[in-house]
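Take a look at the structure set out below.
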Amino acid sequence: MTHDPFGAADQPGPPPAADIAENPDQAGDDKGADIVHLDDARAGRHPYTPVHRPDDDPEPTSPAPAADRPTLDGQTVRVDQGGKEERDWRAELEAKLRTRRPVVPLWLRSRAEALQTLGWLGNHYAHVAGYQAARTPMYVGRLAFRSPRGLARLVGGMLRWTFDLEGEPVRLAAVQKADPEAYLKLSRQRDSRVRLRVPTTLVVLVTLLIAALMVAGAPTAAQLGALAVALAALGILGKPADRPLIERAVLASTVEKLTSDIVIRALTALSIPGITQAMSKNPKDAIRFVAPITRDGPGWRADLDLPYGVTVGDVLDKRERLSGALRRPLGAIWPEGDSSIHEGRLILWVGDKDLSKTIVKSPLLKATGHDVFKGIPLGNDPRGRAVTVPLIQHNVLIGSLPGQGKTATVRELAAGVVLDPSTEGWFHELKGTGDLDPYEKVCHRYVSGIQDEAIAYAADSLALLRKEVMRRSAALKSLPPDLCPDKRVTRQIADKRSLGLHPLAAIFDECQNLFAHPTYGAKAGEDAEFIIKLGRALGVVLILATQRPDKDSLPTGISANVSIRYCLRVAGQIENDMILGTSAYKNGIRATVFIPEKDAGTGYLVGATPMPKVVKSAYLDTPETQLIADRAYALRKAAGTLSGHALGETPEQTAPAYDLLADILAVVGAAEAKVWNEVVIARLADLRPEVYGAWDALEGGAKTAQLTTALKPYGIRTMQVWGTPESGSKGANRIGIARDDILTAVTESDKRRGSEAAS
């Protein structure tokens with residue numbers, strides 16, 4: 001039977017290893033048996049050096065290092081190093097430098113925020129002072145009315161104290177219990193107290209009498225002052241317990257203070273598996289707070305690390321349940337992550353009031369002017385802090401579902417543009433509702449509409465902007481290094497109007513109607529991408545707004561290169577990432593958490609601040625927008641910067657006027673009943689290469705689909721058409737059109753235009 005070096009003593013076999021070590025002669029008795037010293041075996045199984053026992057070999061040899069010893073079958077090899085953990089003090093110091101708290105509070109480091117805070121404090125205490133001053137006569141009346149009750153309480157209290165009447169119930173209790181010893185003890189205590197207190201009371205009364213006589217002989221002012229003090233003291237003494245003398249100028253907040261216990265209770269209630277498991281195993285350290293919970297603006301802020309394996313996205317998915325667990329409105333709960341540290345760092349901000357019930361007033365409403373080089377105020381974050389969007393060197397993309405405040409946000413940005421008289425505005429409102437009409441009188445180019453003419457005008461603008469970017473590039477290159485060291489437009493350069501490098505902001509609201517247009521969309525998308533990539537350093541800025549963020553209505557070349565993104569409520573992850581960037585949803589930046597209509601005007605802002613943040617955009621109604629436009633017109637007229645549309649000039653056009661249906665009839669003869677799409681496109685490219693050349697350059701099914709898409713707005717459907725290639729190859733079925741369908745569409749269009757003209 002083979003010897004077990006770790007084995008039990010009751011099993012048959014050779015003697016223990018320790019005895020064999022002491023008697024080597026016994027080793028040869030069992031041939032084929034492996035003799036292993038127990039300490040060596042344990043050392044091979046465990047990385048730590050075994051402790052020497054007194055009954056072992058008096059001169060043991062040190063075991064070989066774990067790496068040099070053979071691994072025994074079935075043993076567990078530990079990879080952790082034994083002993084004290086080695087620490088890199090430089091790495092720890094660097095980590096501390098990254099996470100150290102500022103010496104000066106953040107609100108004091110920002111001039112605007114410091115002024116805002118000091119202004120709030122000044123307004124608060126001014127309100128409190130005014131409120132109490134207005135009620136001073138009422139307080140005097142209350143004191144006078146309560147003074148008799150106070151006098152009665154004073155006299156009664158002195159009598160009870162002098163004759164120790166407070167102890168009478170105790171003495172009566174001793175009598176009822178028939179305890180003469182206790183009664184005698186209490187009586188002696190009462191007598192000793194009374195003997196001391198009666199003279200004291202007499203001294204106090206005599207002193208008060210002397211003081212009254214002195215006041216009676218004093219001037220009237222002193223008498224009135226003494227009387228006022230006496231009435232005030234007696235009135236305070238006579239105050240009812242449930243009716244305070246002075247009323248609160250500001251009612252105390254009913255919002256519960258945020259504590260670590262409340263946060264842990266709320267996170268546990270979310271039923272996130274990782275949190276539930278961690279709390280069941282180690283409830284004390286499962287959720288670690290990395291900083292004290294503090295007041296941050298009108299709310300509480302908690303910075304914490306979620307349990308291992310739990311990300312901020314898991315919490316964001318259950319924001320509604322978190323609201324219920326914290327017993328706060330959904331619009332007051334704003335969890336966000338800090339991926340610069342790790343994906344499990346949660347910053348939970350709980351506001352005192354619901355952000356959805358807050359209306360942010362634009363600071364531009366009362367501004368006499370503005371400088372776009374300092375950015376444009378967009379709105380406030382949940383903590384009430386103003387958020388500014390840098391415009392120069394950037395492009396802006398705004399997206400949301402319909403009715404979520406997208407156009408109101410565009411209005412706010414447009415207000416900042418027009419209030420800077422040096423900035424040239426090109427505004428395109430492609431919804432046709434006239435939301436930007438108040439700004440029309442100050443714009444170099446302006447259009448409002450959804451018809452093809454308005455879309456063509458917007459496409460012309462992008463083509464002109466592309467030419468303008470190329471012109472500015474050459475102009476900026478020619479400037480001396482001392483004037484333009486960084487090769488970008490600055491305020492100093494913009495003020496030199498003769499250089500033609502002033503800021504130019506082009507707004508395209510409902511831009512999906514342009515980029516998805518069958519005729520102008522492809523070319524407009526190329527121009528916009530070119531401008532976004534090169535125009536930002538040249539003072540040309542695009543502001544695009546869409547309610548349909550998909551690859552067709554928002555080309556990927558545009559969405560991938562825009563630097564500032566503002567996403568209000570969207571339907572899903574794809575739309576979210578189209579606006580906010582790839583992996584935004586995965587990183588916890590989710591505009592899907594906003595409630596339709598209730599959170600209108602609230603969205604995630606990315607690129608304008610060091611970290612993505614929730615922002616409630618300022619709201620301007622039509623009359624307020626008109627006031628800003630009137631002020632902007634006066635500024636531009638005084639500065640002499642009105643141009644283009646604002647002066648009634650005829651707009652410049654780059655795209656030729658054409659009619660797709662008429663062009664198809666021109667290239668498809670009356671004898672051709674049905675023609676392949678690819679043939680029609682080839683003929684159209686010969687007819688107008690500047691318009692249809694890009695269509696003909698497409699390959700395969702993309703070329704056919706281009707014409708199919710272009711004909712959809714006219715209600716024309718393509719079909720399978722049998723034909724033979726012009727090269728004479730074998731006939732085949734391919735996608736094509738019927739000439740009669742084109743004629744029918746043209747006839748209906750002419751009738752519709754005639755009826756519109758008659759009306």
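The values are calculated or read from the model by the stated rules, or taken from the named source; none is laboratory data. Note that the structure is a prediction, hence the values are computed from the model and not measured. Ideal geometry is used to build each Cβ from the backbone, glycine not excepted, and the neighbour counts take in all protein chains shown. With ligands, DNA and RNA removed, areas are computed over all heavy atoms of the protein, side chains included. Shrake-Rupley method; radii C 1.70, N 1.55, O 1.52, S 1.80 Å.
Let's see how each residue does on (1) in contact (Cβ under 8 Å) with a residue 24 or more places away in the chain; (2) closer than 20 Å to D663 by Cβ; (3) in a loop (DSSP other than H, G, I, E, B); (4) of a type in the set (S, T, Y):
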position	(1), (2), (3), (4)
I681	yes, yes, no, no
A685	no, yes, no, no
A694	yes, yes, no, no
K703	yes, yes, no, no
Q720	no, no, no, no
P725	no, no, yes, no
S729	no, no, yes, yes
Residue hits (the range 493-508; open to solvent by 90 Å² or more (accessible area, probe 1.4 Å) and either among the hydroxyl-bearing types (S, T, Y) or modelled with pLDDT of 90 or more (or both)) are S498
Pairs only if they're at least six apart or on different chains, beta carbon under 6 angstrom, first in the range 320-331 and assigned to a loop (DSSP other than H, G, I, E, B), second surrounded by fewer than 20 Cβ atoms within 10 Å (Cβ to Cβ); list them, first residue then second. P329/D354
Just to be sure, is D740 over 44 Å from the mean Cα position of the chain (by Cα), within 17 Å of P518 (Cα to Cα) and either without any contact (Cβ under 8 Å) to a residue 40 or more places away in the chain or open to solvent by 80 Å² or more (accessible area, probe 1.4 Å) (or both)? no
Could you go through the range 378-394 and let me know if any residue there is open to solvent by 30 Å² or more (accessible area, probe 1.4 Å), among the basic types (K, R) and modelled with pLDDT of 90 or more. no
Unmet criterion (only one of (1) farther than 16 Å from F427 by Cα; (2) charged (D, E, K, R); (3) modelled with pLDDT of 90 or more) for D460: (1)
Neighbours by Cβ (under 9 Å, 6+ apart or cross-chain): first from the range 126-141, under 15 Å from V229 (Cα atoms) and free of Cβ contacts under 8 Å to residues at least 12 places away in the same chain; second open to solvent by less than 50 Å² (accessible area, probe 1.4 Å) and of a type outside the set (K, R): V140/A232; V140/G235
Give the residues of the range 101-126 that are among the small types (G, A, S) and in a loop (DSSP other than H, G, I, E, B), sorted by residue number. S110
Residue check, S749 against (1) at pLDDT 80 or above; (2) over 15 Å from V675 (Cβ atoms), all met but one. Which one? (1)
In this structure, is V315 in a helix (DSSP H, G or I), among the β-branched types (V, I, T) and farther than 30 Å from V614 by Cα? no
Being surrounded by 21 or more Cβ atoms within 10 Å (Cβ to Cβ), modelled with pLDDT under 90 and hydrophobic (A, V, I, L, M, F, W, C): is that true of L348 here? no
Is it the case that the range 615-630 has a residue that's closer than 30 Å to W349 by Cβ, open to solvent by 40 Å² or more (accessible area, probe 1.4 Å) and not in a loop (DSSP other than H, G, I, E, B)? yes
Suppose we keep only residues that are basic (K, R) and under 23 Å from Y566 (Cα atoms) within the range 403-456. Which one would you say is most open to solvent (accessible area, probe 1.4 Å)? K431
Which one of A694, A705 is modelled with pLDDT under 80, in contact with a helix residue (DSSP H, G or I) (Cβ under 9 Å, 6 or more places away or on another chain) and within 30 Å of H428 (Cα to Cα)? A694
Condition test on A302, is it among the small types (G, A, S) and over 19 Å from the mean Cα position of the chain (by Cα)? no
Test of understanding: among A152, A129, A133, which residue is closer than 30 Å to D296 by Cβ and either part of a helix (DSSP H, G or I) or open to solvent by less than 70 Å² (accessible area, probe 1.4 Å) (or both)? A129
